[in-house]
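These notes concern the structure reproduced below.
The values are calculated or read from the model by the stated rules, or taken from the named source; none is laboratory data. A quick note: this is a predicted structure, and the numbers were derived from the prediction, not measured. Positions of Cβ are generated from backbone atoms using ideal geometry, with glycine treated the same way; all protein chains shown enter the neighbour counts. Areas reflect the complete protein model, heavy atoms only, side chains present, ligands, DNA and RNA absent. Shrake-Rupley method; radii C 1.70, N 1.55, O 1.52, S 1.80 Å.
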Amino acid sequence: MRALNRKLLRDLIRLRGQVLAIALVLAAGVAGFIGLASVLDSLQLTQARFYADYRFADVFASLRRAPLELADRIRAIPGVAEVDARVNGAARLSLPDFPEPISAQLLSLPAQEDTGLNRLYLRVGRLPLADRADEVVVGEAFAEAHRLRPGARLTAVLNGREQALTVVGIGLSPEFVYQIGPGEIVPDFRTFAVLWMQQKPLAAAFDLEDAFNDVVLRLAAGGREQDVIDRLDQLLAPYGGRGAYGRELQLSHRYLSQEMASLEVTITTVPLIFLAVAAFLLNIVVSRLIRNQREQIAILKAFGYGNAAVGRHYLALVLMVVLLGGVLGIALGLWLGQALSQLYSAFFRFPFLDYHLRLATVAISLAVTAGAVVAGTLGAVWRAVRLPPAEAMRPEPPASYRASLLERLGFKRLLDQPDRMIVRHLERQPVKSLLSILGIAFAVAIMMVGRFSQDAINYIMDIQFKLAAREDFTVSLVEPTSRPAIHSLAGLSGVWYAEPFRSAPVELRNGYRSFRTSLQGYVAEPQLHRLLDTSLQPLRLPTEGVLLTDYLGKLLAVQPGDWLEVEVLEGARRRVRVPVAGLVHEYIGVAAYMELDALNRLLGEGDAINGAFLAIDLAAYTSLQRALGDMPQVAAVGQREQVMRNFDATMGEVTGRMNIVVMLLAGIIAFGIVYNSARIALAERAWELASLRVLGYSKAEVAYILVGELALLTLVAIVPGFFIGNGLSRLILLRFESDLYRLPVMVVPATYAMAAGTVLLAALLSAALVVRQLNRLDMVSALKARE
């Protein structure tokens with residue numbers, strides 16, 4: 001074995017505690033990157049395979065009613081490869097021993113099993129027979145929520161008529177990878193179902209014989225989506241077309257795409273923070289090692305080793321730490337990726353989710369890690385290479401010993417001798433002290449990054465469900481009806497107050513900018529479902545003009561006083577210009593709001609509503625559920641308490657588990673930073689501490705000097721860590737913004753306390769380990785000095 005290789009091995013053994021701590025920090029970064037990147041790869045590959053194999057459509061459109069012959073004209077549109085004209089209807093279901101109303105979406109199946117778009121993957125069972133009008137395939141998410149199997153019986157209300165249905169299969173569709181009901185903000189698999197029937201019986205149930213009310217298209221190679229959409233809208237306009245849209249606006253695909261975009265943001269931020277901290281740590285360790293090995297470097301050069309050989313030697317030390325951290329990180333990342341894949345499979349319904357770890361992902365993670373660490377330590381290695389042998393043989397000049405600033409300011413009498421040693425030592429090496437404070441501050445910040453999203457979700461729940469949405473039930477009607485219908489809802493036993501609303505799909509335009517959403521009409525001063533300004537104060541809806549969510553205002557580049565073009569995507573499809581009356585503050589989705597009478601004037605459909613918010617007597621909760629479920633004009637009933645539970649289960653579970661992972665990795669980093677700071681302090685002050693023992697100081701007094709320095713650095717670092725944590729949180733959240741949801745920068749005191757407490761715990765553990773090393777210090781070896 002070459003001499004430099006033996007020296008490298010001995011250095012690694014001697015520094016094994018610090019090497020392992022830094023390797024764990026590197027492993028945290030590598031594991032985070034590999035785990036998240038492999039999950040993203042798995043989702044993308046599974047999505048692409050499922051979409052391709054089961055022929056997910058490119059363009060979607062709904063309408064009131066059109067003859068089947070129109071499908072041939074749609075098929076003739078340039079750029080269209082395939083057309084599937086189908087029936088799409090809403091229904092209500094009921095199940096024994098489940099009192100809550102269940103809304104359902106029923107879709108027709110193509111005549112031939114192996115044709116059509118958005119084909120079904122059958123998990124169990126079979127497709128409905130052509131001559132059976134009561135057979136359905138049920139979506140897997142709903143079937144699992146109610147433990148349904150083939151042979152189960154359902155009661156459905158189709159177009160106002162009750163019908164018994166038999167489940168013959170349980171399936172999945174690329175159209176419902178993320179199964180969420182219309183108007184919902186989170187999925188509720190118990191109260192929303194997707195069912196598939198043969199086209200003839202479903203068309204008969206909705207009075208659509210030889211007609212269709214929904215169409216999906218697949219584009220030909222080279223077909224331009226917008227050209228096809230424009231032509232399709234022209235064809236469907238006479239038949240009540242509601243506006244065609246591309247795949248990127250399809251609800252399930254949007255949620256899946258947004259989740260993958262969030263993963264990409266996480267991949268490019270959190271692991272890089274970990275790697276930057278690891279590079280910082282290695283820089284400190286290598287710099288200290290080089291200072292302590294000045295004499296060895298001089299001897300190596302005196303024996304003929306050149307600058308390149310010395311530089312390679314210290315770079316090899318760094319790369320050995322990277323190798324150890326990389327191996328640990330790959331193993332941890334593989335476990336993490338598989339665990340997260342199982343978590344995602346509960347929310348995104350694929351027939352398969354093959355976990356896939358690409359070799360390129362491993363190579364990229366190791367290359368980025370090595371690059372970051374080498375870049376972080378290059379300065380220290382360069383100083384070793386440039387060190388002349390004659391200068392290296394001389395010991396470093398002693399530090400300047402004088403009274404500290406605190407002593408000169410008159411605090412000397414408050415400090416005993418060990419305290420003065422601590423303060424003077426820190427003041428004599430301000431750069432080293434600041435770097436140690438910065439490293440510990442980053443440990444605090446990383447702990448905050450691991451927790452802040454849960455704080456933001458809790459804050460959103462408080463705003464959304466306690467200040468804004470205060471209704472107990474949200475009742476949606478099958479069709480818009482006259483406003484006096486609110487009295488039939490208000491007159492139900494147990495209803496204290498009923499507040500009507502109207503909703504219509506619209507496309508808002510400002511120049512070349514446009515956005516599809518719903519235009520909501522509320523009473524002028526809502527008491528149940530309120531709109532809030534940026535100060536979280538309730539708003540009164542203006543008699544004219546539209547209110548936009550602040551994020552939608554940013555997307556459309558409008559401010560209060562500007563004008564928008566509004567195209568209603570139903571009925572006569574009116575186009576009008578309305579002024580922007582103001583902006584409202586919301587974190588979930590984007591929408592536009594008008595006063596109810598103003599919206600009805602805009603729609604030109606008279607004084608109508610299509611839903612109501614209800615405040616109820618909670619003692620009548622179950623009886624009201626049944627009463628609403630028996631009303632044929634009621635399409636769906638949303639329950640605020642259940643929505644809160646679903647929101648917490650959906651957002652909270654995914655984010656919560658991700659936070660646990662990040663916090664675990666952050667805890668490793670916190671310990672690695674604090675422990676290395678303590679070990680470096682012990683190595684650099686071994687001669688001084690051994691001298692104090694010889695002069696008669698006890699072990700406890702000597703340990704107090706070392707631990708006191710660590711404690712002071714840790715306490716000083718906590719507050720800057722809070723500021724760094726807030727800054728990192730804001731940086732991450734800026735990249736998370738979307739039209740589906742936005743997270744506020746909201747860090748509660750408990751998160752500050754947890755971050756500080758974790759770092760303090762890491763400091764206590766590090767102090768215990770360092771004191772153990774101090775008590776085993778060989779004073780004879782430590783006191784040896786060069787002449």
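Across the range 212-226, rounded Karplus estimates of 3J(HN,Hα) from the backbone phi angles (6.51 cos²θ - 1.76 cosθ + 1.60, θ = phi - 60°) give 8, 9, 7, 9, 10, 10, 10, 7, 6, 4, x, x, 8, 4, 5 Hz, Gly and Pro being marked x.
Answer with one residue from A316, Q342, Q296: the one whose Cα lies farthest towards the positive end of the charge dipole of the range 250-342, charges on Cβ with Lys, Arg +1 and Asp, Glu -1. So the residue we want is Q296. The value of relative contact order for the chain, using C-alpha pairs under 8 Å at least six residues apart, is 18 percent. Close amide H partners of G494, meaning residues 5 or more places away or on another chain with modelled amide H under 5 Å apart, do not exist here. Counting only protein heavy atoms, what percent of the accessible surface of the chain is carbon or sulfur at a 1.4 Å probe? C and S atoms contribute 58 percent here. In the chain, a dipole from Cβ-located charges (positive for Lys and Arg, negative for Asp and Glu) runs towards its positive end, and of Y497, N307, A130 it is N307 whose Cα lies farthest in that direction. Rolling a 1.4 Å probe over the protein heavy atoms leaves E586 with an accessible area of roughly 40 Å². With all protein chains kept in place, the per residue accessible area of the chain amounts to 44 square angstrom at a probe of 1.4 angstrom. In order along the range 422-439, the Karplus-derived 3J(HN,Hα) couplings, from 6.51 cos²θ - 1.76 cosθ + 1.60 at θ = phi - 60°, round to 4, 5, 5, 5, 5, 6, 6, 10, x, 5, 4, 4, 5, 5, 4, 4, 5, x Hz, and Gly and Pro are given as x. With Rh defined as the Kirkwood radius, the inverse of the mean 1/r over Cα pairs, the Rg/Rh of the chain is 1.09.
Taking a ≥ b ≥ c as the square roots of the eigenvalues of the alpha carbon gyration tensor, the range 32-120 is oblate, as a/c is not under 1.5 and a/b does not beat b/c.
Calculated mean residue ellipticity at 222 nm for the chain: -16500 deg cm²/dmol, from DSSP H runs with n ≥ 4 weighted as -39500 (n - 2.57), summed, divided by the residue count and rounded to 500.
When only alpha carbons of the range 155-299 are considered, Rg and Dmax amount to 28.6, 96 Å. Residues whose amide H lies under 5 Å from that of N88, counting only those 5 or more places away or on a different chain, are N213, D214; hydrogens are built 1.01 Å from N in the peptide plane. Between amide H atoms placed 1.01 Å from N, distances below 5 Å from F56 occur with N118, all of them 5 or more places distant or on a separate chain. The alpha-carbon atoms of the range 313-375, seen along their principal axes, cover 52, 17, 15 angstrom, with the largest extent given first.
In the context of the full protein assembly, E525 retains an accessible surface of approximately 100 Å², using a probe radius of 1.4 Å and ignoring ligands and nucleic acids.
Under the rule a/c < 1.5 gives rounded, and otherwise a/b versus b/c splits prolate from oblate, where does the range 456-570 land using the Cα gyration tensor? Walk me through the numbers before you get to the answer.
Details: a/c = 2.15, a/b = 1.36, b/c = 1.58.
Since a/c reaches 1.5 but b/c is at least a/b, the shape of the range 456-570 is classed as oblate.
Phi angles of the range 78-87 translate, via the Karplus equation with coefficients 6.51, -1.76, 1.60 and θ = phi - 60°, into HN-Hα couplings of x, x, 9, 9, 8, 10, 10, 8, 9, 10 Hz per residue; Gly and Pro are given as x.
Close Lys pairs in the chain, defined as Cα atoms under 29 Å apart and 8 or more places apart or on different chains, number 11.
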